[in-house]
1. In the range 163-193, how many residues are over 16 Å from the mean Cα position of the chain (by Cα) and part of a helix (DSSP H, G or I)?
2. Counting just the residues of the range 218-250 that are modelled with pLDDT of 80 or more and among the basic types (Lys, Arg), which one comes out nearest to the chain's Cα centre (by Cα)?
3. Please find, among Gly325, Gly284, the residue that is in contact (Cβ under 8 Å) with a residue 40 or more places away in the chain, of a type outside the set (Val, Ile, Thr) and either buried (at least 22 other Cβ atoms within 10 Å of the Cβ) or within 22 Å of Phe154 (Cβ to Cβ) (or both).
4. Pairs needed: first member in the range 138-162, under 12 Å from Trp187 (Cα atoms) and part of a helix (DSSP H, G or I); second member anywhere, of a type in the set (D, E, K, R) and at pLDDT 80 or above; C-beta distance under 9 Å; at least 6 residues apart or different chains.
5. Ala123 passes all but one of (1) under 30 Å from Val26 (Cβ atoms); (2) modelled with pLDDT of 90 or more; (3) not β-branched (Val, Ile, Thr); which number fails?
6. Kindly list the number of the only condition in (1) at pLDDT 90 or above; (2) under 23 Å from Phe85 (Cα atoms); (3) not β-branched (Val, Ile, Thr) that fails for Leu157.
7. Scan the range 29-68 for residues that are over 30 Å from Leu414 (Cβ atoms), part of a helix (DSSP H, G or I), out of contact with any Leu (no Cβ under 8 Å at 6 or more places or on another chain) and touching a residue at least 60 places away in the same chain (Cβ under 8 Å) and jot them down.
8. Condition first: in contact (Cβ under 8 Å) with a residue 40 or more places away in the chain, part of a helix (DSSP H, G or I) and surrounded by 21 or more Cβ atoms within 10 Å (Cβ to Cβ). Now tell me which residues in the range 249-275 satisfy that.
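The values are calculated or read from the model by the stated rules, or taken from the named source; none is laboratory data. Keep in mind it's a predicted model, so treat the numbers as computed, not measured. Note that we place each Cβ from the backbone using ideal geometry, even for glycine, and neighbour counts take in every protein chain shown.
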Amino acid sequence: MAGSEGMPVDAIVLADVAIVLVVGAVMVRLGRRLHQPPVVAEIAAGLMLGPSLLGLLPGDLPALLFPPEARPGLSALAQLGLALFMFLAGWELDLGVLRGRIRSVGSTAVLAMAVPFVVGAGAAALLYRSTAPDGVGSDMFVLYMATAFSITAFPVLARIIRDRRLGHTRVGTTAMACAAAGDVVAWCVLVLVVALAGASGAGGASGAADGMGGLFTVIALTIAYAAAMALVVRPLLHRALRLAAGGRQETGVRLVLIVAGVLLSSYATTWIGIHAIFGAFAFGLVMPRKDALRLHQQIGAPLEKAAGLLLPVFFVITGLSVDIGGLGWSGLVALLLILVTAVVGKFAGAAIPARLSGMSWRDAGAFGTLMNTRGLTEIVILGIGRDLGLIGPELFTSMVLMALVTTAMAGPLLRLLGVGDTSPVSMPEQPVGDRKQPIGAKG
C-alpha cells in the first residue's frame with residue numbers, strides 16, 4: 001500500500017516514528033532543565049506536532065507528516081506502548097502499601113477522591129449542554145467527567161516522590177497510599193462507565209432492556225475475569241516464572257511469557273466489552289513481587305525502555321486530535337472552568353484533610369500538590385471517553401490541557417514550598433515491590 005505521495009505506508013510510519021522520537025528527546029532534555037518529568041515534555045511534543053502548533057504553519061504540515069493512511073500503523077504502535085505502560089503501572093501499584101494504613105489514611109484518601117469527584121460532577125453538569133456530544137445522556141456524561149476530574153496519576157506521583165526523596169516522609173507515604181486507594185476506586189468506576197457506554201451504545205441507541213442485559217453480561221464477565229486473574233492466572237504465572245528461571249535463556253523466556261500475557265489479557269478485556277488497557281493493568285496487578293530485584297532487572301527495565309520508545313507515538317496520536325486554536329471563546333471559558341475545578345477540587349480535597357490530620361500547612365500544601373498530578377493516566381482516560389463518544393474534540397482538547405497544566409505545576413509548587421531534596425538522585429532505582437523508594441515511571 002502506498003501513501004498519497006507514492007511512498008509505501010510502512011516507510012512513512014517508520015519516518016514518522018523517527019520524527020516523534022527526535023522531537024520527544026529534545027523536549028525531554030528541555031523539560032529536565034525546567035525540572036519537569038518526561039511525561040510533561042512528551043505531552044508537549046505531541047501537541048507541538050499536531051494542529052495546535054505545527055498546523056499554524058502553511059502547508060498543513062500535520063497531514064503531510066502524518067497522513068491519514070499512516071495513522072492506523074502509528075495507532076497500533078501507540079497501543080502497544082500504552083499496553084506496556086499500563087502493565088508497568090499495575091505492577092507498580094502495590095496494594096500492600098494500604099495494609100495496616102486504612103485507618104490512618106482512610107478519611108484523607110476518601111476525601112481526596114470524593115471532593116474532586118463531587119466538584120467535578122458539578123462542573124460537568126454546567127458543561128453538559130454546551131460540550132456533550134449529541135445522544136450522550138447527562139448521567140453518563142457527569143459520571144465519566146467526575147471520574148476524570150478525580151484521578152491521580154500514580155506512576156508520575158511515584159516518580160516525583162522518588163526524584164525529591166520524599167519516600168520516607170509522611171507526605172510521600174501518605175500520598176502514595178491515598179493515590180493507590182483512589183486510583184483503584186477510580187478505575188473501578190471507569191470500568192462501570194465503559195460497560196454502561198458499551199451496553200447502551202454510548203447514546204442509548206439500543207433499547208433499555210437490551211442495554212441493561214448487555215450491562216449485566218459485561219459485569220458478570222468482568223467479575224469472572226477478575227476471579228480468574230486472581231485465582232488461576234496469578235498462581236500459574238508465579239509457577240511459570242519460577243520454571244523459566246535458571247536457564248541460559250531465562251530473560252528471553254520470561255519476557256516472551258510476560259508480553260504475551262499482557263497482550264492476551266488485553267484481548268480478553270476487549271472481548272468482554274471493556275477497554276484493552278484494563279487487561280494490561282490487571283496483568284500487572286497479578287505480577288509477583290517476590291524476587292523483585294531480579295524480576296525488575298530482567299523484565300521491568302527492558303519493558304520500561306520499550307514503553308519509553310513507543311509512548312511518544314501515543315502522545316502524537318493524541319496531539320493530532322487536539323487543536324488549541326479551535327477552542328474559541330466558549331472553549332476558553334470551558335477550559336478556565338475545567339482548570340479551576342481540577343486544581344481547586346483536588347487541592348481542597350487533599351490539603352485540607354491533611355492539615356486537619358496534623359500536617360503543617362506546608363506539608364499539607366505539598367500533599368495537595370502531589371495529589372493534583374494527572375499525567376498520562378488522565379490522557380488514557382480521556383482517550384477512552386473520546387473513543388466511546390462521551391466527549392467531543394473541544395472538550396477533549398480542554399481536558400488534555402488540564403492534564404498537562406496540573407502535572408507541570410507540581411515541580412514548581414514543591415520547590416516554592418521547599419519540600420523535598422532537589423539534588424540529583426545517585427542511588428539506583430528500587431525494584432517493583434520495594435516500597436522504600438518507588439521506582440520511576442512516566443505517566
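1. So the count comes out to 11.
2. Arg234
3. Values: Gly325 fails: either buried (at least 22 other Cβ atoms within 10 Å of the Cβ) or within 22 Å of Phe154 (Cβ to Cβ) (or both).
Result of the check over Gly325, Gly284: Gly284.
4. What qualifies is Ala148/Arg374; Ala148/Glu378; Ser150/Lys346.
5. (1)
6. Of everything listed in (1) at pLDDT 90 or above; (2) under 23 Å from Phe85 (Cα atoms); (3) not β-branched (Val, Ile, Thr), Leu157 misses just condition (1).
7. Start the filter on the range 29-68 by keeping residues that are over 30 Å from Leu414 (Cβ atoms), which leaves 51, 54-68.
Filter once more, so that each one left must be part of a helix (DSSP H, G or I): 54-56, 61-65, 68.
From the residues that got through so far, the ones that are out of contact with any Leu (no Cβ under 8 Å at 6 or more places or on another chain) too are 56, 63-64, 68.
Scanning the range 29-68 gives a single hit, Leu56.
8. Within the range 249-275, Ile258, Val262, Ser266, Thr269, Ile272 qualify.
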